[in-house]
1. Return the residues of segment 7-40 that are without any contact (Cβ under 8 Å) to a residue 24 or more places away in the chain, part of a loop (DSSP other than H, G, I, E, B) and within 18 Å of E55 (Cβ to Cβ); say none if nothing qualifies.
2. If the requirement is being of a type outside the set (K, R), within 16 Å of M1 (Cβ to Cβ) and within 16 Å of the chain's Cα centre (by Cα), which of these qualifies: D80, D15?
3. If we keep just the residues of segment 102-118 that are closer than 17 Å to I90 by Cα and among the hydrophobic types (A, V, I, L, M, F, W, C), which is surrounded by the most Cβ atoms within 10 Å (Cβ to Cβ)?
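Every number in this text was worked out from the coordinates using simple rules, so none of it is lab data. Bear in mind that the values here come from a model prediction, so they are computed numbers and not experimental data. Cβ sites come from the backbone with ideal geometry, for glycine too, and all protein chains shown count toward neighbours.
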Amino acid sequence: MEFKSNLPIYLQVIDDIKKKIITGALPLGTKLPSSRELAIQYDINPNTAARVYNEMESLELSYTKRGIGTFVTEDPQVIDRLKQEQLKQILTVLDEQLTGMGYTPEEIIRLLQDYYSL
């Protein structure tokens, strides 16, 4: 994974893991690699990997079983929330681009309706 300089590495790793959860590449309840393995996998500092898991737990994306490991959440509502957040981000970018081109909200809705009726 190539990291962008404008966003902290731990957030970029979390975003990558979120995408894997949303797409099902990491199903609910899947055991995640250890912090050390995650550090190797993403070529990041082990402290950064630990921060990834701490932040994921605070976002309820994962949970830890002491002595066993860290797992993807088993709560489908969390996944639904992730999908909604991702959709909002995508639509925000789309809206900014289209309104920047001079389209009104009504025109954007009509364009989307036309696109999906093809």
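1. Scanning segment 7-40 gives L7, P8, P33.
2. Going through D80, D15 in turn, the sole match is D15.
3. If we take residues in segment 102-118 being closer than 17 Å to I90 by Cα and among the hydrophobic types (A, V, I, L, M, F, W, C), then I108 is surrounded by the most Cβ atoms within 10 Å (Cβ to Cβ).
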